[in-house]
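The values are calculated or read from the model by the stated rules, or taken from the named source; none is laboratory data. Owing to the predicted nature of the structure, the values given are computational and were not obtained by experimental measurement. Quick reminder, even Gly has a Cβ in these numbers, built from the backbone with ideal geometry, and neighbours come from all protein chains shown.
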Amino acid sequence: MAFPNIIRQGRELWTKNAYPGLVHFEERTTLINGMEYREWSPFRSKLAASIMNGISQIGMKEGNIVLYLGASHGYTPSFVSDIIGKDGTIFAIDIAPRVVRDLYFVAKQRRNIIPLLADCNQPQTYASRITCSHIIYQDIAQRDQVSIFLKNMRFLYKGGFGLLVIKARSVDVTKRPADIFRHVRSELEKTTTIVDYRILDPFEKDHALFIIKK
């Protein structure tokens, strides 16, 4: 499956650099057909891991608006920045001041990223600072991951895609990950349509990524 601005070469994944000459995490670069690409590690990014594991679609296109919940230091957001290109926008939200500081320095160079310090479990606190989005991507290590995701669905355009990373051990360490993923599927199917789903082993242990369409 081809994805915009992404090339897979064997067990390596690369994104076309929307800001040529810029690297942020000591990633390698290469020239492919005269264009600069950045190496994207599936061991550091759940989205990259899902692509390596054969996800059928991620919904992202050039020019998209993306609401990114749990942006952390900005590793995966920087590659989403490549995928959507300079005409796209990422509202990158995290609750931790320390990581948002790092994210700010990535966003200072990648002008299509807007960092926001906020609690993703309280979407009303940032509703006035963002717009509706074509994509919602969530990667948050909290027990109520599904609840947070569904609260933020209010910002997703009809026909838009939601990408939800589930960290089983953050939900319940006493249950088997497979049982947790099964429960998540049943919860999501009450209000959304699941279009794909991937376990992220061996890149991320006890993680899964769900793709839904509104």
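For residues that are touching a residue at least 60 places away in the same chain (Cβ under 8 Å) and in a loop (DSSP other than H, G, I, E, B), scanning just segment 73-110, find the one that is surrounded by the fewest Cβ atoms within 10 Å (Cβ to Cβ). Here the residue is K86.
Scanning segment 51-96 for residues that are in contact with a His (Cβ under 6 Å, 6 or more places away or on another chain) and over 16 Å from Q109 (Cβ atoms) yields N64, I65. Could you tell me whether segment 132-141 includes any residue that is among the polar types (S, T, N, Q), under 24 Å from S41 (Cβ atoms) and surrounded by fewer than 19 Cβ atoms within 10 Å (Cβ to Cβ)? Checked against the condition, which is being among the polar types (S, T, N, Q), under 24 Å from S41 (Cβ atoms) and surrounded by fewer than 19 Cβ atoms within 10 Å (Cβ to Cβ), segment 132-141 yields no hits at all.
Could you tell me which residue of segment 5-18 is surrounded by the fewest Cβ atoms within 10 Å (Cβ to Cβ), considering only residues that are part of a loop (DSSP other than H, G, I, E, B) and more than 19 Å from the chain's Cα centre (by Cα)? Here the answer is G10. For segment 19-58, a residue qualifies if it is under 14 Å from the mean Cα position of the chain (by Cα) and of a type in the set (S, T, Y), and the qualifying residues are S41, S45, S50.
Pairs linking a residue in segment 48-64 that is among the hydroxyl-bearing types (S, T, Y) to a residue that is surrounded by 16 or more Cβ atoms within 10 Å (Cβ to Cβ) and modelled with pLDDT of 95 or more, with Cβ atoms under 6 Å and 6 or more positions apart or on different chains, are S50/R198; S50/L209; S56/D196. Scanning segment 155-204 for residues that are farther than 19 Å from Q142 by Cβ and assigned to a helix (DSSP H, G or I) yields A178, R182, S186. Just one of the numbered conditions (1) polar (S, T, N, Q); (2) loosely packed, with under 13 Cβ neighbours inside 10 Å; (3) in contact (Cβ under 8 Å) with a residue 60 or more places away in the chain is not true of Q124: (3).
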